[in-house]
Every structure is written in structure tokens, then in C-alpha cells.
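*Asks:* Sharing a structure here in C-alpha cells format.
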Amino acid sequence: EKQRKVQSLNIPDWFDYSICTQLRHEARDKLSRIKPRDIGQASRVSGITPSDLAVLTMYVKEPEKRSIKANEELGNR
């Protein structure tokens, strides 16, 4: 269930792969060219490794984590 949830995590059209400094250069280039819609599609790109996917997932989830934290902080005021 958890894996299916991660696989369906959407990657915004405007996502800038160049900010993912931990991604290998080859992965950044390929993902920038192909522009996968979600992590599942990115996982099927030739040459993309599980570690690339872990880094990508972290970057895609980051804005989500920030908004949750901001909402929690606002609720505590």
C-alpha cells in the first residue's frame, strides 16, 4: 500500500530537476527531458536507479511537508 502511494505521487509540470542536487547528472538530464507525471513513471525511465527515485521523492514531497508544518504552526498560535 505504501509503495503504491509513493508510485502515484504526482510530479508537478513546473518541477525543476536542476534543484535536486543529490540526483546524478544523467538522471537530472533524462528526467528533465522526459518529464514523468509521477514517481511510478519516473521509475520506468531507463537508467533511473532506486536511489534516484528516493531523492526525487524527497524533493517532490518537500513542499507538502512545508505546508503541513506551516499549518500546524498556525494552529498553535
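Listed here are the residues, each with its yes/no results for (1) modelled with pLDDT under 90; (2) part of a loop (DSSP other than H, G, I, E, B); (3) of a type in the set (D, E, K, R); (4) open to solvent by 50 Å² or more (accessible area, probe 1.4 Å).
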site: Asp13; (1), (2), (3), (4): no, yes, yes, yes
site: Leu31; (1), (2), (3), (4): no, no, no, no
site: Gln41; (1), (2), (3), (4): no, no, no, yes
site: Gly47; (1), (2), (3), (4): no, yes, no, no
site: Ser51; (1), (2), (3), (4): no, no, no, yes
site: Met58; (1), (2), (3), (4): no, no, no, yes
site: Arg66; (1), (2), (3), (4): yes, no, yes, yes
site: Asn71; (1), (2), (3), (4): yes, no, no, yes
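*Asks:* Taking region 15-29 only, how many residues are touching a Ser or Thr at 6+ places or on another chain (Cβ under 9 Å), open to solvent by 50 Å² or more (accessible area, probe 1.4 Å) and hydrophobic (A, V, I, L, M, F, W, C)?
*Replies:* Result for region 15-29: 0.
*Asks:* So the check is Cβ under 9 Å with 6+ separation or different chains; which pairs have a first residue in region 1-16 that's more than 15 Å from Arg44 (Cα to Cα) and a second one that's open to solvent by 40 Å² or more (accessible area, probe 1.4 Å) and among the polar types (S, T, N, Q)?
*Replies:* Asp16/Ser32
The values are calculated or read from the model by the stated rules, or taken from the named source; none is laboratory data. The model shown is predicted, which means the values in this text are computed figures rather than measured ones. Cβ coordinates were reconstructed from backbone atoms using ideal geometry, including for glycine residues, and neighbour counts include every protein chain displayed. Heads up: the accessible areas ignore ligands, DNA and RNA and are worked out on the full protein's heavy atoms, side chains in. Shrake-Rupley method; radii C 1.70, N 1.55, O 1.52, S 1.80 Å.
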